[in-house]
Amino acid sequence: MSGIAGIIHVDGRPVDGAQLQAMTAAMAYRGPDGTSQFVAGPVGLAHCAFHTTREARGERQPLASADGQRVLVFDGRLDEREELRAGLRSRDVTPRTGGDAELVLASYEAWGEKCLDHLTGDFSFCLWDGRARTAFLVRDRCGNRPLVYWRNGSTLAFASDVHALLRLHGVPSELDEEALAEMAVFDPRSAVRTLWSGVSRLPPAHAVSTDGASWAPRRYWEPESAPVLAYKDDADYVAHYRDVLFKAVHAMSRSDSAIACEASGGLDSSALFSILVHFSRTGQLQAPGVHGVALQFDAAESDESVYQQALCDHLQAPIEQFRPGEYTLDWYLDFARAFRSFPPMPNGAMLIPLHAASSAGGRRVVVSGIGGDEWLSGVSDYRATALRERRWRELAALLASESRRDGWACTLARLGRHGFLPLGPERLKRPLKQLLTRGLPQAEWVAPRLRELAAKARRADRSGEGADVVRTRLLEKLDCAAGLWWREITELQMAQTGVERRSPFWSRRVVETAFSMPEWLRVKDGLPKSVHRLAMRGLLPDAILERADKATFPCVLHTLRPALAAKLERRADGGHAQWIDARGVARALDLMKQSPSICVDFSVISILAAAAARA
């Protein structure tokens, strides 16, 4: 979670180093190990250092090539380093050091822009090529590291965080109401927009080579085109998945200090903790140690202590428990003002005490189980694939399992919506989907103008259309703008707390395996995450392997909701009145009282936060 920033003046004006310093000062939490910059005429690059590996501590950025013609700023961590070194040797390129930034620079020397085919890990970087007079900006495949930019024809500027860009002279602080509209109705659609007009994100798996004037980002990774695995036995699929997951966890364990691992008692985080403990005991862990951490709740619907204890007993390894963070509305609005961003969701902010304690204990890396739901649970439209391919046995097992859990009415409704509907003609799908969603909460408390902007974005979004419904749904998960927003906000929250998040389920190889694996393996015998459960046999206790429920966290709203309701009722106060529909306020208040869902709360927080960020 280092930070990078840069300014390139297309018109040849020299870069003001004070402007770069203002950007790095805004991201001081990303640079506890120092900040530095490179300025050469119209080009300026800066780096905020947060070291988590031994190799990183031996590097100083911005990093220049031997002839000084190429300069790199890099935030990230490379995986599969030995394979990369072997590839460089085959090109007669020898890195000067073992640092990740040096490997990126050497890879560019060896392959040019095609180096992205050889780089695996979490990263964002900018490489200035003085020979070609171009900047090469890249974001990793899954968007685990942030990268935002602003350009006006004569200047290109980029940074890890939005508020750093807004420190520059000339960058307007004008809200993007379309981005606000999408968040206000809890339905983000754009992976490019930020809260600020003109400030954009480089989407995951995208790169752009530019002289500052031209701008044509390209997608360099398409996991949906990977061939489907074709093993004869289920056991081979399970072994393949297990091997991929173990390698991903092993790669992400590289740290020069002990690492923390969230171990909530859920199937995903518990699996990661058990693998890390296994590596530690077999001498394979690439860190001095691993420390399990979890939240402890009093509310029954949130309490996972029985599973945490089962995991402790099974592994004979302790898990340190922390009380969840509960924050006032003023805290969320202060976050928005400080970082000029939407704040974290309450069920993300609740982890702050856990992360802060990890940082205070010298553990700069926190391994997280996010991504398990996306890539292991299966997709609802698998029913359509089963019908089309006549997988009657697998479909029957799924329907029987669902009917026992939810009843036949719900089971058959899902079969219609996610089985028969996707197989119908395209001209019928959209009107039928609109009919099926009629009656759901439509954010009546949001001003009609914002609702229409969000509806326009929804109508223009053509994702979700494709012949292969399973791969289409997986691609939706990969490109999901809502998920990207939440992960970016959480990354910012954790960076500000002093820890770097690593998410093995959001690694390149795990995602590629998800696209390559037959869908029925994820829902075998009607049980979600079937292949994962089978792969974790012996490593996890039966109580977790057989767990079918998930914890919910409405308790974190108790501190927040009274203030939210009061603010909503005083809707005429402040700059947010133009974004709230007075006629829908009663509906919002009613939903907040009756529903444990966080959607209404975050919708209102988003509006209030936008007003605070603009102030």
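Quick notes on this structure:
- In this entry, residue 136 is excluded by the filter for residues that are in contact with a strand residue (DSSP E or B) (Cβ under 6 Å, 6 or more places away or on another chain), modelled with pLDDT of 95 or more and open to solvent by 10 Å² or more (accessible area, probe 1.4 Å).
- Note on the stretch 355-381: residues that are over 30 Å from residue 417 (Cβ atoms) and over 19 Å from the mean Cα position of the chain (by Cα) amount to 8.
- Residue list for the stretch 76-111, filter: among the small types (Gly, Ala, Ser) and part of a helix (DSSP H, G or I): 86, 87, 90, 101, 106, 107, 110
- Residue in the stretch 286-296 that is in a loop (DSSP other than H, G, I, E, B), farther than 30 Å from residue 567 by Cβ, open to solvent by less than 70 Å² (accessible area, probe 1.4 Å) and in contact (Cβ under 8 Å) with a residue 60 or more places away in the chain present: yes
- Of all the numbered requirements in (1) among the charged types (D, E, K, R); (2) over 24 Å from residue 307 (Cβ atoms); (3) in a loop (DSSP other than H, G, I, E, B), residue 451 misses one, and that requirement is (3).
- Residues satisfying the stated conditions in the stretch 256-285, i.e. part of a loop (DSSP other than H, G, I, E, B), in contact (Cβ under 8 Å) with a residue 60 or more places away in the chain and open to solvent by 10 Å² or more (accessible area, probe 1.4 Å): 256, 257, 258, 264, 266
- Per the listing 548, 613, 582, 535, the residue uniquely free of Cβ contacts under 8 Å to residues at least 24 places away in the same chain and touching a Lys or Arg at 6+ places or on another chain (Cβ under 8 Å) is 582.
- Scope the stretch 124-133; condition open to solvent by less than 10 Å² (accessible area, probe 1.4 Å) and either free of Cβ contacts under 8 Å to residues at least 40 places away in the same chain or of a type in the set (A, V, I, L, M) (or both); matching residues: 127
- Counting only helices (runs of 4 or more DSSP H) that sit completely within the stretch 320-420, those holding 2 or more residues that are within 30 Å of residue 286 (Cα to Cα) correspond to 346-349, 352-360, 372-376.
- Matching option when the condition is farther than 29 Å from residue 471 by Cβ, in a helix (DSSP H, G or I) and more than 26 Å from the chain's Cα centre (by Cα), among 600, 604, 585: 585
- Just one of the listed residues (172, 146) is at pLDDT below 95 and either open to solvent by 10 Å² or more (accessible area, probe 1.4 Å) or touching a Leu at 6+ places or on another chain (Cβ under 9 Å) (or both), namely 172.
- Residue list for the stretch 573-583, filter: within 19 Å of residue 609 (Cβ to Cβ) and either of a type in the set (S, T, N, Q) or at pLDDT below 85 (or both): 573, 574, 575, 576, 577, 578
- Residue list for the stretch 337-380, filter: surrounded by fewer than 22 Cβ atoms within 10 Å (Cβ to Cβ) and on the phi > 0 side of the Ramachandran plot: 362
- Considering residues of the stretch 211-237 that are open to solvent by less than 20 Å² (accessible area, probe 1.4 Å) and modelled with pLDDT of 95 or more only, the residue farthest from the chain's Cα centre (by Cα): 237
- Residues (touching a Pro at 6+ places or on another chain (Cβ under 7 Å) and over 25 Å from residue 127 (Cβ atoms)) located in the stretch 230-259: 245, 248, 249, 257, 258
- Residues in the stretch 35-58 that are farther than 30 Å from residue 213 by Cβ and open to solvent by less than 30 Å² (accessible area, probe 1.4 Å): 49, 50, 51, 52, 53, 56.
- Any hit, the stretch 176-187, residues being of a type in the set (Phe, Trp, Tyr), open to solvent by 10 Å² or more (accessible area, probe 1.4 Å), in contact with a helix residue (DSSP H, G or I) (Cβ under 7 Å, 6 or more places away or on another chain) and within 20 Å of residue 335 (Cα to Cα): yes
- Within the option set 487, 501, being outside any helix (DSSP H, G or I), among the basic types (Lys, Arg), at pLDDT 95 or above and within 12 Å of the chain's Cα centre (by Cα) holds for one residue only, 501.
The values are calculated or read from the model by the stated rules, or taken from the named source; none is laboratory data. Please read all numbers here as calculations on a predicted model, not as lab measurements. Note that each Cβ is placed from the backbone with ideal geometry, even for glycine, and that neighbours are counted across all protein chains shown. Ligands, DNA and RNA are excluded from the accessible area calculation, which covers all protein heavy atoms including side chains. Shrake-Rupley method; radii C 1.70, N 1.55, O 1.52, S 1.80 Å.
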